[in-house]
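Accompanying notes for the structure given below.
The values are calculated or read from the model by the stated rules, or taken from the named source; none is laboratory data. All values derive from a computational prediction rather than experimental measurement. As a convention, Cβ positions derive from the backbone with ideal geometry for all residues, glycine included, and neighbour counts pool all protein chains shown. The protein model used for the area step is the full one, side chains on, heavy atoms only, and it has no ligands, DNA or RNA in it. Shrake-Rupley method; radii C 1.70, N 1.55, O 1.52, S 1.80 Å.
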Amino acid sequence: MENKTGTVTHSKGNWCTVLEKDTQTAIECRLKGKLRLTAWNTTNPVAVGDVVHFTIETDGNGLIHAIEERKNGIIRKAAGKNPQAHIIAANIDQLIILATLAYPRTSLGFIDRMLVIAEAYKIPKSVILWNKCDLYDAEMYTKAQYHAQMYHNIGYHTYILSALNNAFLPILSQIIENKTSVIVGHSGTGKSTLLNLLNPNLNIKTGDISVWSNKGKHTTTLATMHLLPLYHAQIIDTPGIKELDFFNIEPHEVSRYYIDFLPYLSDCKFSNCLHQNEPHCAIKNAVQENKIYSERYQNYLGILEMLRQDKK
Ligand SMILES: Nc1nc2c(ncn2[C@@H]2O[C@H](COP(=O)(O)OP(=O)(O)OP(=O)(O)O)[C@@H](O)[C@H]2O)c(=O)[nH]1
Ligand SMILES: [Mg+2]
Ligand SMILES: [Zn+2]
(Lines give C-alpha, C1' and ligand atoms only; values in the text may rest on other atoms or scores of the structure.)
(Ligands and ions follow the chains in the order given, each with its own letter.)
Protein backbone atom coordinates (compact mmCIF):
# COMPACT_ATOMS: atom_id res chain seq x y z
CA MET A 1 0.00 0.00 0.00
CA GLU A 2 1.22 3.45 -0.90
CA ASN A 3 2.47 5.63 1.91
CA LYS A 4 1.10 9.16 1.90
CA THR A 5 2.01 12.31 3.79
CA GLY A 6 -0.24 15.18 4.75
CA THR A 7 -1.10 17.92 7.21
CA VAL A 8 -3.93 17.69 9.73
CA THR A 9 -6.44 20.48 9.11
CA HIS A 10 -9.12 19.38 11.54
CA SER A 11 -9.07 16.94 14.41
CA LYS A 12 -11.74 15.40 16.57
CA GLY A 13 -11.18 12.36 18.77
CA ASN A 14 -9.59 9.59 16.74
CA TRP A 15 -10.64 11.06 13.41
CA CYS A 16 -9.09 13.90 11.53
CA THR A 17 -9.06 15.58 8.15
CA VAL A 18 -5.70 15.44 6.41
CA LEU A 19 -4.64 17.49 3.42
CA GLU A 20 -2.61 15.15 1.24
CA LYS A 21 0.69 16.73 0.28
CA ASP A 22 0.92 15.93 -3.44
CA THR A 23 -2.70 16.18 -4.52
CA GLN A 24 -3.83 18.78 -1.96
CA THR A 25 -7.03 16.80 -1.44
CA ALA A 26 -8.74 16.36 1.92
CA ILE A 27 -8.89 12.81 3.25
CA GLU A 28 -10.69 11.64 6.37
CA CYS A 29 -8.27 9.64 8.45
CA ARG A 30 -8.43 7.41 11.47
CA LEU A 31 -5.61 6.89 13.95
CA LYS A 32 -4.00 3.53 14.29
CA GLY A 33 -4.21 2.10 17.83
CA LYS A 34 -2.54 4.05 20.59
CA LEU A 35 -0.46 6.28 18.33
CA ARG A 36 1.01 9.22 20.21
CA LEU A 37 4.19 11.30 20.38
CA THR A 38 5.93 10.28 23.57
CA ALA A 39 7.43 13.71 24.28
CA TRP A 40 3.95 15.25 24.50
CA ASN A 41 1.86 14.23 27.48
CA THR A 42 -1.48 15.20 26.01
CA THR A 43 -5.01 13.81 26.15
CA ASN A 44 -5.35 13.96 22.36
CA PRO A 45 -2.80 12.41 20.01
CA VAL A 46 -2.93 14.71 16.98
CA ALA A 47 -3.38 18.42 16.49
CA VAL A 48 -4.16 20.70 13.62
CA GLY A 49 -0.82 21.35 11.91
CA ASP A 50 0.63 17.90 12.59
CA VAL A 51 2.36 16.19 9.69
CA VAL A 52 1.21 12.58 9.46
CA HIS A 53 1.93 9.48 7.40
CA PHE A 54 -0.98 7.35 6.31
CA THR A 55 -2.26 4.72 3.92
CA ILE A 56 -5.62 4.55 2.17
CA GLU A 57 -7.81 1.72 3.42
CA THR A 58 -10.35 -0.26 1.41
CA ASP A 59 -13.19 1.93 2.66
CA GLY A 60 -11.48 4.98 1.12
CA ASN A 61 -10.51 6.50 4.45
CA GLY A 62 -6.94 6.97 5.57
CA LEU A 63 -5.21 5.15 8.40
CA ILE A 64 -2.54 7.20 10.16
CA HIS A 65 0.43 5.14 11.30
CA ALA A 66 2.95 7.86 12.19
CA ILE A 67 3.06 11.46 13.40
CA GLU A 68 6.19 13.50 12.62
CA GLU A 69 7.99 15.21 15.51
CA ARG A 70 6.58 18.67 16.14
CA LYS A 71 8.76 21.75 15.98
CA ASN A 72 6.37 23.45 18.42
CA GLY A 73 2.82 23.24 19.69
CA ILE A 74 0.22 25.27 21.54
CA ILE A 75 -1.36 23.39 24.38
CA ARG A 76 -4.37 24.06 26.50
CA LYS A 77 -4.35 23.32 30.20
CA ALA A 78 -6.51 20.38 31.17
CA ALA A 79 -9.42 20.99 33.52
CA GLY A 80 -9.04 20.60 37.30
CA LYS A 81 -6.12 18.62 38.62
CA ASN A 82 -5.55 16.64 35.44
CA PRO A 83 -1.83 16.94 34.65
CA GLN A 84 -2.45 16.15 31.00
CA ALA A 85 -2.88 18.96 28.54
CA HIS A 86 -4.70 19.18 25.24
CA ILE A 87 -2.72 19.98 22.14
CA ILE A 88 -4.48 22.59 20.01
CA ALA A 89 -2.14 23.32 17.13
CA ALA A 90 1.33 22.26 16.02
CA ASN A 91 4.17 23.36 13.73
CA ILE A 92 3.29 27.04 13.86
CA ASP A 93 5.48 29.58 12.04
CA GLN A 94 3.80 32.73 13.20
CA LEU A 95 1.31 34.23 15.63
CA ILE A 96 -0.96 36.95 14.25
CA ILE A 97 -2.46 39.13 16.96
CA LEU A 98 -5.45 40.97 15.57
CA ALA A 99 -6.04 44.12 17.59
CA THR A 100 -8.11 47.22 17.03
CA LEU A 101 -8.64 50.64 18.57
CA ALA A 102 -12.21 50.67 17.25
CA TYR A 103 -14.88 48.42 18.76
CA PRO A 104 -14.07 46.07 20.52
CA ARG A 105 -10.94 47.95 21.58
CA THR A 106 -7.95 45.71 22.29
CA SER A 107 -5.91 46.48 25.39
CA LEU A 108 -2.12 46.43 25.33
CA GLY A 109 -2.46 43.91 28.16
CA PHE A 110 -4.05 41.42 25.78
CA ILE A 111 -1.25 41.95 23.26
CA ASP A 112 1.43 41.44 25.92
CA ARG A 113 -0.20 38.27 27.27
CA MET A 114 -0.39 36.85 23.75
CA LEU A 115 3.26 37.71 23.11
CA VAL A 116 4.23 35.86 26.29
CA ILE A 117 2.28 32.85 25.03
CA ALA A 118 4.00 33.05 21.63
CA GLU A 119 7.45 33.12 23.24
CA ALA A 120 6.59 30.37 25.71
CA TYR A 121 5.44 28.06 22.92
CA LYS A 122 8.48 28.90 20.78
CA ILE A 123 6.54 30.43 17.91
CA PRO A 124 9.33 31.95 15.79
CA LYS A 125 7.54 35.13 14.70
CA SER A 126 4.76 37.38 16.02
CA VAL A 127 2.89 40.03 14.07
CA ILE A 128 0.51 42.59 15.55
CA LEU A 129 -2.14 44.02 13.25
CA TRP A 130 -4.31 47.01 14.20
CA ASN A 131 -7.47 46.44 12.21
CA LYS A 132 -10.42 48.69 11.31
CA CYS A 133 -8.19 51.71 10.68
CA ASP A 134 -10.98 53.14 8.48
CA LEU A 135 -12.86 53.85 11.71
CA TYR A 136 -9.99 55.68 13.45
CA ASP A 137 -10.13 59.44 13.94
CA ALA A 138 -6.88 61.42 13.94
CA GLU A 139 -6.30 60.84 17.65
CA MET A 140 -6.86 57.09 17.39
CA TYR A 141 -4.59 56.88 14.39
CA THR A 142 -1.79 58.64 16.25
CA LYS A 143 -2.25 56.23 19.13
CA ALA A 144 -2.17 53.21 16.81
CA GLN A 145 1.05 54.54 15.28
CA TYR A 146 2.60 55.00 18.71
CA HIS A 147 1.72 51.44 19.73
CA ALA A 148 2.87 50.00 16.41
CA GLN A 149 6.20 51.82 16.76
CA MET A 150 6.60 50.63 20.34
CA TYR A 151 6.20 46.93 19.46
CA HIS A 152 8.32 47.42 16.36
CA ASN A 153 11.11 48.81 18.56
CA ILE A 154 10.80 45.81 20.86
CA GLY A 155 11.28 43.49 17.90
CA TYR A 156 7.84 42.52 16.62
CA HIS A 157 6.26 43.14 13.22
CA THR A 158 3.40 45.63 13.25
CA TYR A 159 0.91 47.00 10.73
CA ILE A 160 -2.15 49.27 10.76
CA LEU A 161 -4.81 48.21 8.26
CA SER A 162 -8.41 47.45 7.41
CA ALA A 163 -9.63 43.95 6.56
CA LEU A 164 -12.50 45.51 4.58
CA ASN A 165 -10.15 47.32 2.21
CA ASN A 166 -8.64 45.49 -0.77
CA ALA A 167 -5.75 47.93 -0.83
CA PHE A 168 -4.23 46.09 2.15
CA LEU A 169 -4.32 42.71 0.41
CA PRO A 170 -0.72 42.90 -0.89
CA ILE A 171 0.73 43.63 2.55
CA LEU A 172 -1.48 40.98 4.20
CA SER A 173 -0.52 38.34 1.67
CA GLN A 174 3.15 39.15 2.23
CA ILE A 175 2.70 38.65 5.97
CA ILE A 176 1.13 35.22 5.63
CA GLU A 177 2.70 33.70 2.53
CA ASN A 178 4.51 30.37 2.84
CA LYS A 179 3.62 30.14 6.53
CA THR A 180 1.32 28.42 8.98
CA SER A 181 -0.06 31.16 11.21
CA VAL A 182 -2.27 31.10 14.25
CA ILE A 183 -4.60 34.08 14.50
CA VAL A 184 -5.87 35.40 17.83
CA GLY A 185 -8.00 38.39 18.74
CA HIS A 186 -11.13 39.25 20.68
CA SER A 187 -14.47 38.38 19.17
CA GLY A 188 -15.40 41.09 16.68
CA THR A 189 -11.91 42.34 15.85
CA GLY A 190 -12.25 40.97 12.31
CA LYS A 191 -10.50 37.58 12.13
CA SER A 192 -13.11 36.06 9.83
CA THR A 193 -13.26 39.24 7.73
CA LEU A 194 -9.49 39.10 7.27
CA LEU A 195 -9.62 35.43 6.24
CA ASN A 196 -12.36 36.19 3.71
CA LEU A 197 -10.29 39.01 2.24
CA LEU A 198 -7.39 36.61 1.74
CA ASN A 199 -9.58 33.87 0.31
CA PRO A 200 -13.15 34.84 -0.68
CA ASN A 201 -13.88 31.16 -1.33
CA LEU A 202 -13.74 30.53 2.41
CA ASN A 203 -16.94 32.56 2.77
CA ILE A 204 -16.74 32.58 6.55
CA LYS A 205 -19.65 34.10 8.39
CA THR A 206 -18.80 37.49 9.88
CA GLY A 207 -20.52 40.03 12.03
CA ASP A 208 -22.22 37.75 14.53
CA ILE A 209 -20.62 37.06 17.82
CA SER A 210 -19.47 33.52 17.21
CA VAL A 211 -21.30 30.79 19.11
CA TRP A 212 -18.07 29.74 20.73
CA SER A 213 -17.68 32.92 22.71
CA ASN A 214 -20.95 32.45 24.61
CA LYS A 215 -19.76 32.90 28.15
CA GLY A 216 -20.68 30.21 30.65
CA LYS A 217 -21.68 27.75 27.98
CA HIS A 218 -19.44 24.72 27.88
CA THR A 219 -18.19 24.09 24.40
CA THR A 220 -15.57 21.80 23.00
CA THR A 221 -12.82 23.83 21.47
CA LEU A 222 -11.70 22.96 18.02
CA ALA A 223 -8.99 24.62 16.06
CA THR A 224 -9.67 25.03 12.37
CA MET A 225 -7.03 25.41 9.72
CA HIS A 226 -8.10 27.65 6.86
CA LEU A 227 -6.27 27.03 3.60
CA LEU A 228 -4.99 29.88 1.48
CA PRO A 229 -3.51 27.97 -1.49
CA LEU A 230 -2.91 31.14 -3.49
CA TYR A 231 -0.27 32.14 -0.93
CA HIS A 232 0.88 28.64 0.09
CA ALA A 233 -0.38 29.60 3.50
CA GLN A 234 -2.52 28.25 6.29
CA ILE A 235 -4.19 30.20 9.08
CA ILE A 236 -5.38 28.45 12.21
CA ASP A 237 -8.30 29.95 14.09
CA THR A 238 -8.94 28.84 17.67
CA PRO A 239 -12.48 29.98 18.46
CA GLY A 240 -13.59 30.04 22.06
CA ILE A 241 -10.23 29.50 23.70
CA LYS A 242 -9.79 31.82 26.62
CA GLU A 243 -6.43 33.50 27.13
CA LEU A 244 -5.87 31.84 30.47
CA ASP A 245 -6.33 28.38 28.93
CA PHE A 246 -3.05 28.94 27.10
CA PHE A 247 -1.06 29.86 30.18
CA ASN A 248 1.04 26.94 31.39
CA ILE A 249 3.56 29.34 32.88
CA GLU A 250 4.82 29.90 36.41
CA PRO A 251 5.23 33.50 37.66
CA HIS A 252 9.04 33.25 37.73
CA GLU A 253 9.09 32.26 34.04
CA VAL A 254 7.13 35.25 32.71
CA SER A 255 10.06 37.65 32.42
CA ARG A 256 11.92 35.19 30.20
CA TYR A 257 9.14 35.58 27.66
CA TYR A 258 9.37 39.37 27.67
CA ILE A 259 11.99 39.78 24.96
CA ASP A 260 12.67 43.40 25.92
CA PHE A 261 13.56 42.27 29.47
CA LEU A 262 16.11 39.69 28.34
CA PRO A 263 19.19 41.97 28.07
CA TYR A 264 18.79 43.01 31.73
CA LEU A 265 17.67 39.84 33.51
CA SER A 266 21.11 38.65 34.52
CA ASP A 267 21.84 41.99 36.26
CA CYS A 268 19.18 41.64 38.97
CA LYS A 269 20.73 41.08 42.39
CA PHE A 270 18.55 38.06 43.10
CA SER A 271 18.46 35.26 40.57
CA ASN A 272 14.84 34.55 41.48
CA CYS A 273 13.88 38.25 41.17
CA LEU A 274 10.26 38.76 40.11
CA HIS A 275 11.04 42.45 39.40
CA GLN A 276 8.38 43.69 41.78
CA ASN A 277 9.71 45.08 45.07
CA GLU A 278 13.11 43.44 45.21
CA PRO A 279 16.13 45.73 45.75
CA HIS A 280 18.70 46.22 42.96
CA CYS A 281 16.35 45.06 40.23
CA ALA A 282 17.77 45.66 36.74
CA ILE A 283 14.32 45.56 35.16
CA LYS A 284 12.92 48.30 37.41
CA ASN A 285 16.06 50.36 36.73
CA ALA A 286 15.67 49.90 33.00
CA VAL A 287 12.04 51.07 33.23
CA GLN A 288 13.14 54.15 35.15
CA GLU A 289 15.79 54.90 32.55
CA ASN A 290 13.18 54.50 29.77
CA LYS A 291 15.04 51.51 28.34
CA ILE A 292 11.95 49.37 28.86
CA TYR A 293 8.48 50.78 28.08
CA SER A 294 6.56 51.37 31.32
CA GLU A 295 3.38 50.10 29.57
CA ARG A 296 5.08 46.75 29.08
CA TYR A 297 6.28 46.63 32.68
CA GLN A 298 2.81 47.47 34.07
CA ASN A 299 1.30 44.66 32.00
CA TYR A 300 4.03 42.32 33.22
CA LEU A 301 2.90 43.04 36.80
CA GLY A 302 -0.66 42.40 35.62
CA ILE A 303 0.31 38.96 34.31
CA LEU A 304 1.91 38.04 37.65
CA GLU A 305 -1.29 39.11 39.42
CA MET A 306 -3.43 37.14 36.96
CA LEU A 307 -1.39 33.98 37.55
CA ARG A 308 -1.70 34.46 41.32
CA GLN A 309 -5.48 34.85 41.11
CA ASP A 310 -5.68 31.75 38.92
CA LYS A 311 -3.85 29.68 41.54
CA LYS A 312 -6.38 30.59 44.26
N1 LIG B 1 -15.21 49.25 9.54
C2 LIG B 1 -14.59 48.07 9.59
N3 LIG B 1 -15.25 46.98 10.01
C4 LIG B 1 -14.60 45.79 10.06
C5 LIG B 1 -13.25 45.65 9.65
N6 LIG B 1 -12.90 44.36 9.80
C7 LIG B 1 -13.98 43.72 10.29
N8 LIG B 1 -15.03 44.58 10.44
C9 LIG B 1 -16.38 44.27 10.93
O10 LIG B 1 -16.32 43.84 12.27
C11 LIG B 1 -17.34 42.89 12.54
C12 LIG B 1 -16.75 41.64 13.18
O13 LIG B 1 -15.89 41.01 12.24
P14 LIG B 1 -15.61 39.44 12.25
O15 LIG B 1 -14.69 39.17 11.13
O16 LIG B 1 -16.90 38.68 12.28
O17 LIG B 1 -14.87 39.29 13.65
P18 LIG B 1 -14.20 37.97 14.29
O19 LIG B 1 -12.89 38.38 14.85
O20 LIG B 1 -14.19 36.87 13.30
O21 LIG B 1 -15.20 37.65 15.49
P22 LIG B 1 -15.52 36.21 16.16
O23 LIG B 1 -15.75 35.22 15.07
O24 LIG B 1 -16.73 36.46 17.01
O25 LIG B 1 -14.31 35.87 17.01
C26 LIG B 1 -18.04 42.62 11.20
O27 LIG B 1 -19.23 43.37 11.16
C28 LIG B 1 -17.02 43.12 10.18
O29 LIG B 1 -17.62 43.56 8.99
C30 LIG B 1 -12.57 46.82 9.20
O31 LIG B 1 -11.38 46.82 8.84
N32 LIG B 1 -13.28 47.99 9.20
MG1 LIG C 1 -15.09 34.99 13.28
ZN1 LIG D 1 14.57 42.11 38.89
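Sorting 181-191, 138-148 by their mean Cβ neighbour count within 10 Å, with the most densely packed peptide first, gives 181-191, 138-148. Region 106-148 gives an Rg/Rh value of 1.06, both radii derived from C-alpha positions and Rh following Kirkwood. In terms of its Cα atoms, region 1-152 spans 63, 40, 24 Å along the principal axes, sorted from long to short. Here region 1-142 is treated with +1 on each Lys and Arg Cβ and -1 on each Asp and Glu Cβ, and its dipole about the Cα centre works out to around 660 debye. Quarter the surface of the alpha carbon convex hull of region 249-311 and you get the mean projected area, 4.0 square nanometres. Non-local lysine pairs in region 92-245, meaning eight or more places apart or on different chains, with alpha-carbon distances under 14 Å, amount to 6.
Globularity index of the chain is 1.06 (Cα radius of gyration / 2.2 N^0.38 Å, N = number of residues). Here's the list of aspartates and glutamates a cross-link from K269 could span, going by alpha-carbon distance under 14 Å and ignoring same-chain residues fewer than 8 apart: E278.
For the chain, a crude dipole built from +1 on the beta carbon of Lys and Arg and -1 on the beta carbon of Asp and Glu, taken about the Cα centre, is about 760 debye to the nearest 20.
Express the C-alpha Rg of region 92-245 as a ratio against the empirical globular expectation 2.2 N^0.38 Å, rounded to two decimals.
0.99
Using the Karplus relation 6.51 cos²θ - 1.76 cosθ + 1.60 with θ = phi - 60°, the per-residue 3J(HN,Hα) values for region 256-271 come to 5, 9, 9, 5, 7, 7, 3, x, 9, 3, 6, 8, 5, 4, 9, 5 Hz, with x marking Gly and Pro. Ligands, DNA and RNA left out, the 1.4 Å accessible surface of region 4-88 is 52% carbon and sulfur atoms. Expressed to the nearest 5 percent, the antiparallel share of DSSP beta bridges inside region 153-309 is 55 percent.
Over region 31-105, the ratio between the Cα radius of gyration and 2.2 N^0.38 Å evaluates to 1.44.
Cysteines in the chain that lack a partner Cβ within the 4.7 Å cut-off: C16, C29, C133, C281.
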